[in-house]
C-alpha cells in the first residue's frame, strides 16, 4: 500500500465514516426486529439520513466530489420514497 | 488548530448519530422513536457537513484547487436538501401511522384524535 493511499484511507473522515456505519447497523437491527410496519418505516428513514452522512464523509475522505453529488440525489429520492410509503400506510395506493 | 476543530465536529456528529440510532431501541413507541431518531440524526449530519466544509475551505487556501470550493458548495446543498426533507418526512410518517391505527402507547390526551372526531379541544 502506497503512502498516498494510506493517507487517504486512514484520514479522520474515514474514522467518522466507521462510526456512522456502526450507527447504521444498530438502526438496521430495528428495521429487522420492528414489531409493526411504522417502526420499520422509521428505521428506514433514519438509515437514509445516516447513508447521506456516510456518503459526504467518504467523499471528503477520498477527495471525490462525485460522492457528495450522489448524496444530494439520494437525499431527494429517499424523501420521495418515504412520502410514498407514508401515503400507502395512510390510505392505500389509488 | 483547524484540525482540532474538525476532530471536535466529527466527534459531535458521530456521537449524535449513534445516540439517535440507539434511541430506536430505547423508546417503546412509533412516535417517541421518530422523535429521537429524526432529531438526533439531523443534528449529527449538520455537524458532518460543517466538518467537511471547514476541511475543504482549509484545503482551498492551502492548494488553490477549485475542486475544494466545489466540495464545500455541494456539501452545503446536500445539507439544505436534508434539512428541508427530513422534518417533513417525519411529519408524514407520524400522520400516516396515526391514521392507519397505531395509537400512542401511554398517551393520556390525544389532541389529534379529538380534532379528527370534531370534538372541542
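If each DSSP helix of 4+ residues adds -39,500 (n - 2.57) and the sum is divided by the residues in chain A, what number results at 222 nm, nearest 500 deg cm²/dmol? Could the numbers behind the result be given before it?
On the way: 4 runs with 81 residues, N = 94.
Calculated at 222 nm, the ellipticity per residue is -29500 deg cm²/dmol.
Kindly provide the helix-only [θ] at 222 nm of chain B, computed as the sum of -39,500 (n - 2.57) over DSSP H runs of four or more divided by all residues, to the nearest 500 deg cm²/dmol? Write down the numbers at each step before the final one.
Values: 4 runs with 100 residues, N = 121.
One gets -29500 deg cm²/dmol as the mean residue ellipticity at 222 nm.
Taking only Cα atoms, what is the 0 to 90° angle, nearest 10, from helix A:12-33's long axis to the longest principal axis of chain A?
20
Please report how far the C-alpha centroid of region A:19-78 lies from that of region B:63-121, rounded to the nearest whole angstrom.
What the calculation gives is 15 Å, centre to centre.
Please rank B:41, A:49, B:88, fewest neighbouring Cβ atoms within 10 Å first, as an exposure proxy. The partial results should precede the final answer.
On the way: B:41 31, A:49 28, B:88 12.
Fewest-to-most Cβ neighbours within 10 Å comes out as B:88, A:49, B:41.
What relative contact order, as a whole-number percentage, does chain A give when Cα pairs under 8 Å and 6 or more residues apart are counted?
Numbers: 67 pairs, mean separation 25.9, N = 94.
Result for chain A is 28 percent.
Full-extension gain between residue A:37 and residue A:88, please, as 0.36 nm times their residue separation minus the C-alpha to C-alpha distance.
On the way: separation 51, 0.36 × 51 = 18.36 nm, distance 1.13 nm.
Result: 17.2 nm gained on full extension.
Is there a simple number for the mean count of other chain Cβ atoms within 10 Å of the Cβ of residues in B:99-107, and what is it?
Values: counts 4, 9, 3, 5, 0, 0, 0, 0, 0.
The per-residue average across the peptide is 2.
Across the residues of B:1-11, average count of Cβ atoms on other protein chains within 10 Å?
Values: counts 0, 0, 1, 0, 0, 4, 3, 0, 2, 8, 4.
Neighbouring Cβ atoms belonging to other protein chains average 2 per residue here.
Answer rounded, prolate or oblate for region B:29-107, using the Cα gyration tensor with square roots of eigenvalues a ≥ b ≥ c: rounded when a/c is under 1.5, else prolate when a/b is larger than b/c, else oblate. Could the numbers behind the result be given before it?
On the way: a/c = 7.81, a/b = 3.31, b/c = 2.36.
Note, shape of region B:29-107 comes out prolate.
First check a/c for region A:3-91, with a ≥ b ≥ c the square roots of the eigenvalues of its C-alpha gyration tensor; if it is under 1.5, answer rounded, and if not, answer prolate when a/b is larger than b/c or oblate otherwise. Show your work: numbers first, answer last.
Details: a/c = 5.57, a/b = 1.89, b/c = 2.96.
Oblate.
Estimate the FRET efficiency between residue A:21 and residue B:109 by the formula 1/(1 + (r/R0)^6), using the beta-carbon distance for r and 35 Å for R0, to the nearest 0.05. List each step's numbers first, then the result.
On the way: r = 40 Å, r/R0 = 1.15.
In this case the efficiency is close to 0.30.
Helix B:66-99: angle to the longest alpha-carbon principal axis of chain B, degrees 0 to 90, nearest 10?
For helix B:66-99, the angle is close to 10 degrees.
Arrange A:14, B:47 by Cβ neighbour counts within 10 Å, fewest through most, would you?
Details: A:14 15, B:47 21.
Least crowded to most crowded, the residues run A:14, B:47.
Between the helical axis of B:30-63 and the dominant principal axis of chain B, each derived from Cα atoms, what acute angle in degrees is found, rounded to the nearest 10?
Relative to chain B, helix B:30-63 is tipped by roughly 10 degrees.
Over chain B, what is the relative contact order in whole percent, taking alpha-carbon pairs under 8 Å and six or more residues apart? Working shown, then result.
Working: 95 pairs, mean separation 29.8, N = 121.
25 percent.
Determine the shape class of the protein assembly as shown: with a ≥ b ≥ c the square roots of the Cα gyration tensor eigenvalues, call it rounded for a/c under 1.5, and otherwise prolate if a/b is greater than b/c, oblate otherwise.
Numbers: a/c = 2.53, a/b = 2.20, b/c = 1.15.
Prolate is the answer for the protein assembly as shown, as a/c is 1.5 or above and a/b outweighs b/c.
What list do you get for A:50, A:33, A:58 if you sort them by fewest beta carbons within 10 Å?
Lowest to highest Cβ neighbour count: A:33, A:58, A:50.
Taken together, the values in this text are just the output of simple stated rules run on the coordinates, not laboratory data. Quantities reported herein were computed from a predicted structural model and do not represent experimental measurements. Cβ: placed from backbone, ideal geometry, glycine included. Neighbour counts: every protein chain shown.
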